[in-house]
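Enquirer: Please read through the structure below; I'll follow up with questions.
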Amino acid sequence: MTTTGSKARGRKRTKAPEDGRRRVVIEGVAPEIDGGRFPIKRVVGEAVVVEADVFADGHDALSCRLLYRREAESGWSESRMEALVNDRWRGAFRVSEVGRWRYTLVGWVDPWTTWRRDLAKRVAARQDVAVDLRIGAELLRAAAARAPEEEAELLTGWAERLAAEADPGITLLELAAVDELVERHADRAHATLYERELGVVVDPERALFSAWYEMFPRSCDGADAPPDGEPPHGTFRACEERLPYVAAMGFDVLYLPPIHPIGRTHRKGRNNDPRAEPGDVDSPWAIGSEEGGHKAVHPQLGTLDDFRRFVARAGEHGLEVALDVAFQCSPDHPYVREHPDWFKRRPDGTIQYAENPPKKYEDIVPFDFECADWRGLWQELASVFTFWIEQGVRIFRVDNPHTKPFAFWEWLIADVKAAHPEAVFLSEAFTRPKPMYRLAKLGFTQSYTYFTWRTSKWELAQYFTELTATEVREFFRPNVWPNTPDILTEHLQLGGRPAFVQRLLLAATLAASYGIYGPAFELGELVPRERGSEEYLHSEKYQLRRWDLDRPGSLAEIIALVNRIRRDNPALQSNAGLRFHPTDNDQVLCYSKATPDLANVVLVAVNLDPHSTHAAWLELPLAELGIEDPAQPFQVHDLLTGARYQWHGPRNFVQLDPHGVPAHVFRLRHRLRSERDFDYFL
C-alpha cells in the first residue's frame, strides 16, 4: 500500500523561486530595443521617458522607481514613476553628459501608500479607525528604523501622534507632509528589480540638430584662378576662402568627400568614362597611391598642417568639418602592397576589384573582411578614425557601411566612442530598411534616408511617421538630403527651381538634420548624364569644376533664411514633435512641429507640385497646437515672407504658387488680446 507521503517523496520537486515574496511584475518596458540588445539614442539635455506595465496580485498600492546612472558609475539615481491607466507607469530622467548610460526599474508593494488610501476611505465612511492609526504608527516606526537620526526623530514623533489617536480628519491632511520622508525610507526588501539593465548612448547636440553642406575641396580653385580654360586643382588654403560663403548660408557641418591620394591604375575619365585622358583626376573614392592612403592627404590639396589649419579656420566660422571614410582602396594603395592578404584574389592571381554587375569599378578593390588576419584589419581600420580625430575631426560620414560586416561596425564604433564619446558617425547606407535600421542600432549616430526619392503626400507622411512616431525614433536619427554627388533625382531634373526650393523646405523642416550637396544644389544643377540616369552630367566625382557662386538665380539667400528659421525655432530642432494634418488636396502636404510645452509651434504647408499652383483647406487640431479656445482668433506668421494672417477655427485656406514661394512656414501665436493687437503686428 502506497501512502500520499511516499508519492510526494518520489516526485521531483519544482524549484522554489529565490524569493517568493517579490509580488510585483514588471513587463512591457519601453523603450527597449530588441529585448535590451541595443541601446536607445539621446543627446545631451534630452529626457529619457520610460513606460512599463507594473502590477501585483491583490489590491495593495505599489511604488515604482526609474533607476539610471552613467555606465562608468556604480550607484543609481532615482526618478519617481507615476501610474497612468491600466497598470501602465511612466517616469523620466534627463541625460547631462555624453557617453553611455544605463537604466532599469524597481517596484514594490507599498504598505504606507496602501494604508493612507484605505484610511481615507474609512474616515469618509465614518468608521472607527483607532486600530488603523496604530497600524500607521507601526509603519512610521519601521521607516524610522531605516532612516538617519534626524529624519528618524521626525518619523518617530509622527508615530507617537498616531498612536495617541489624534483626530483622523486632521491627521489625513497633515500626513501629506511626511509622505516623501516615508517613501524615501521604504522597505524594499521584497522589491522586484527589472531583469535587464537597458542602455542609452548620449551624443552631443550636433547629433540631433545639424545642417550639412557637402563640398569637393579640389574644386575650390581660389579667387585668382583664371576664368577660362581648365580649372586648377583646389587646395585647403583656397577652401578657406569658401568658408564665409558656407557659414553665411547658416550651415554648421562642412562635409568633405575623401581628401586622400587617388590611385592611377584603371583611373576613370570624365563622366565615368573607363578611358582616362591625361590630366583626368578620377574619383576621390579610389583611395591610395604611392603618396599614401587613408591617413594621408592628396598632395595637390596641401599638407596635413594645411588641413589642420583649415579645420581651425572652419571652427572660427562656426563650422565643424566632417570627413568621408570609405573603406576601399585603389590598386595602388599601400595596404595592397603591405597587406596583400587583406584582399581577395581571382583565379588568375589578380586582385578582386569592386563590382555590382553589370557595373565594374576596376579602380577600387574592397577589403576581405573574412581574411585570416581579420583582427589586424579591424584594428587598422579603427585607427583611421583615431588618426583623423587627432587632427581635429569629430564627425564622419561613412561610405556604404552596409557592404561591411555588422559585427565590425558594432565593435569599431563602440571602440572609438569609448575614448571619444563626442564622435558622430553618419551612415550612408542606401539599402533595404532592415540593414539600415540594424546599422543604426549597432551604433551609427545618424543615417541617410529614403527622403531623396519620396515625393508624394502619402509617401512623405507615411515614411516620416515611421521615422518619428514608432519605435524607430529611439535608435534611428534621420539625416535627409535632397541631392548627393551620386543622386540627381528625376524630380529635381524635371521640376527645375521650384522643385529645388520645395525639397529644401521639406528637408529642413521635416527633419532636425539635413544636408545638401553644393554648390550643385543652390545653383540648380539639373542635367543628368543621360536620360533615365541619376548621375550628373560632368559629375564632380570625376572632374574638377569651376562654380560661379554669384550666378543669377542662386538659392543661397533662401537657404540662409531657412537655416535661420531652424535656429530661431526650437520646434524644428527635434524630430519628436512632428504631426501630419489632413488637407483636401493631395498636392498640399501639411504638418506641424511643436516643443513639448507648446511654447514654440511651427506649421508648414507645402505645394508638392513644382509646376502648378494649388490651394487647399487645412484641418488643424487646435488643442494639440496650443490653441485652447477654438472660438478665439489666432495669428500665423509666415517666416518665409514675413506676412501675418488672422485665422479662426480648425479649417483654414492656403494657396501656394511654386514659381513664387511653394510653401508657408508659419509660427503660431496662440492668442490675440484684441483686434487692435492683431493690427499692431501687421
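The values are calculated or read from the model by the stated rules, or taken from the named source; none is laboratory data. Every value quoted in this text rests on a predicted model; they were computed, and no experiment measured them. For neighbour counting, all protein chains shown are included, and Cβ atoms are generated from backbone atoms with ideal geometry for every residue, glycine included. What goes into the accessible areas is simple: the full protein's heavy atoms, side chains included, and nothing from ligands, DNA or RNA. Shrake-Rupley method; radii C 1.70, N 1.55, O 1.52, S 1.80 Å.
Enquirer: Specify the angular offset, from 0 to 90 degrees and rounded to the nearest 10, of the alpha carbon long axis of helix 304-316 from the longest principal axis of the alpha carbons in the chain.
Expert: 60
Enquirer: Let me ask something else. FRET efficiency for Ala72 and Gln379, Cβ-Cβ distance as r, R0 = 30 Å, nearest 0.05? Mind showing how you got there, number by number?
Expert: Numbers: r = 24 Å, r/R0 = 0.80.
My answer for the efficiency is 0.80.
Enquirer: Just the accessible area per residue of segment 212-312, please: how many Å² with a 1.4 Å probe?
Expert: Values: 3910 Å² over 101 residues.
Roughly 39 Å² per residue, with all protein chains present.
Enquirer: Lys15: which lysines have alpha carbons under 20 Å from its alpha carbon, excluding same-chain residues fewer than 8 sequence positions away?
Expert: Lys7
Enquirer: 222 nm [θ] for the chain, helices only, -39500 (n - 2.57) per DSSP H run of 4+, per residue, to 500? Before the final figure, lay out each step's value.
Expert: Values: 16 runs with 194 residues, N = 682.
Helix contribution divided over all residues of the chain: -9000 deg cm²/dmol.
Enquirer: Here's something else I'd like to know. Can you list the aspartates and glutamates whose alpha carbon sits under 16 Å from that of Lys434, skipping same-chain ones fewer than 8 residues off?
Expert: Here the aspartates and glutamates satisfying the reach criterion relative to Lys434 are Asp34, Glu410, Glu466, Glu471, Glu474.
Enquirer: For segment 88-194, run through the GluC sites (Glu not before Pro) and keep only the ones in DSSP coil with at most 15 other Cβ atoms within 10 Å of their Cβ.
Expert: On the way: sites: Glu97, Glu138, Glu149, Glu150, Glu151, Glu153, Glu160, Glu165, Glu174, Glu180, Glu183; in loops: Glu97, Glu165.
Answer by residue number: Glu97, Glu165.
Enquirer: Return, in residue-number order, each cysteine of the chain whose C-beta is not under 4.7 Å from any other cysteine's C-beta.
Expert: Cys64, Cys329, Cys371, Cys590
Enquirer: What is the Cα centroid distance between segment 253-283 and segment 367-434, reported in whole angstrom?
Expert: The two parts, judged by their Cα centres, are 23 Å apart.
Enquirer: May I ask for the net charge around Gln493, where only other residues with Cβ less than 14 Å from the Cβ of Gln493 are counted and Lys, Arg are +1 while Asp, Glu are -1? Each step should come with its number before you reach the end.
Expert: Working: positive: Arg497, Arg503, Arg529, Arg531; negative: Glu490, Glu525, Glu530, Glu534, Glu535.
Computed value for this residue: -1.
Enquirer: If each Cα of segment 535-682 is one equal point scatterer, what is log10 of I(q)/I(0) from the Debye formula at q = 0.21 Å⁻¹?
Expert: -1.41
Enquirer: With everything on Cα atoms, drop me the angle between helix 457-469 and the longest principal axis of the chain, reported from 0 to 90° to the nearest 10.
Expert: Here the helix axis deviates by roughly 50 degrees.
Enquirer: Now for a different question. Compute the distance in nm between two label points, each set 7 Å from the Cα along the Cα-to-Cβ direction, one at Ala124 and one at Ala177.
Expert: 2.5
Enquirer: Taking +1 at the Cβ of each Lys and Arg and -1 at the Cβ of each Asp and Glu, which of Gly532, Asn356, Ser592 sits farthest along the dipole of the chain towards its positive end, judged by Cα position relative to the Cα centre?
Expert: Going by the Cα projections, it comes out as Asn356.
Enquirer: Suppose every K and R has +1 on its Cβ and every D and E has -1 on its Cβ; what is the size of the dipole of the chain about the Cα centre, in Debye to the nearest 20? Walk me through the intermediate numbers first.
Expert: On the way: 85 positive and 102 negative charges, 354 e Å.
Here the chain has a charge dipole of around 1700 debye.
Enquirer: Something else about it: Using a simple spin-label model with points 7 Å from Cα along the Cα→Cβ vector, what separation in nm is obtained for Val131 and Thr350?
Expert: 9.5
Enquirer: Tell me the GluC sites (Glu not before Pro) within segment 243-323 that lie in a loop according to DSSP and have at most 14 other beta-carbon atoms within 10 Å. Could you put the intermediate results ahead of the total?
Expert: Details: sites: Glu290, Glu291, Glu316, Glu320; in loops: Glu290, Glu291.
In loop regions of segment 243-323 (DSSP not H, G, I, E or B), the sparsely surrounded GluC sites (Glu not before Pro) are Glu290.
Enquirer: Could you give the angle, 0 to 90 degrees to the nearest 10, between helix 374-390's Cα long axis and the longest principal axis of the Cα atoms of the chain?
Expert: 90
Enquirer: Separate question: Please give the charge dipole size of segment 100-174, origin at the Cα centre, charges +1 on K and R Cβ atoms and -1 on D and E Cβ atoms. Round to the nearest 20 debye. Let's see the in-between values first.
Expert: Working: 11 positive and 13 negative charges, 112 e Å.
Result for segment 100-174 is approximately 540 debye, rounded to the nearest 20.
Enquirer: Ranked by accessible surface with a 1.4 Å probe, highest first, in what order do Ser612, Ser96, Ser574 come?
Expert: Values: Ser612 50, Ser96 75, Ser574 30 Å².
The most accessible residue leads, giving Ser96, Ser612, Ser574.
Enquirer: Determine the dipole magnitude for segment 128-217: charges of +1 sit on the beta-carbon of Lys and Arg, -1 on that of Asp and Glu, nothing else is charged, the reference point is the Cα centre, and the result goes in debye to the nearest 20. Before the final figure, lay out the partial values.
Expert: Details: 8 positive and 20 negative charges, 56 e Å.
So the magnitude is around 260 debye.
Enquirer: Hey, which of these cross-link pairs are over 21 Å Cα-Cα: Lys417/Lys541; Lys41/Lys441; Lys41/Lys295; Lys344/Lys417? The partial results should precede the final answer.
Expert: Working: Lys417/Lys541 31 Å; Lys41/Lys441 9 Å; Lys41/Lys295 30 Å; Lys344/Lys417 30 Å.
Flagged as over cut-off: Lys417/Lys541; Lys41/Lys295; Lys344/Lys417.
Enquirer: Kindly provide the GluC sites (Glu not before Pro) of segment 498-570 that DSSP labels as loop, not H, G, I, E or B, and whose Cβ sees at most 15 other Cβ atoms within 10 Å. Mind dumping the intermediate values first?
Expert: Details: sites: Glu522, Glu525, Glu530, Glu534, Glu535, Glu540, Glu557; in loops: Glu522, Glu525, Glu530, Glu534, Glu535, Glu540.
Passing both the DSSP loop test and the Cβ count: Glu530.
Enquirer: At what distance in nm do the modelled label points of Ala414 and Lys359 sit from each other, each positioned 7 Å from its Cα along Cα→Cβ?
Expert: Between Ala414 and Lys359, the label points sit 3.3 nm apart.
Enquirer: Also, I was wondering about something else. By what distance, in whole Å, do the Cα atoms of segment 263-331 stretch along each of the three principal axes, largest value first?
Expert: Principal-axis extents of the Cα atoms in segment 263-331, largest first: 42, 23, 22 Å.
Enquirer: If you don't mind, another one. Which translational diffusion coefficient, to the nearest whole µm²/s, is obtained for the chain from the Stokes-Einstein equation, given a Kirkwood hydrodynamic radius over C-alpha pairs, 10 °C and 1.306 mPa s?
Expert: Details: Rh = 29.3 Å.
In µm²/s, the coefficient rounds to 54.
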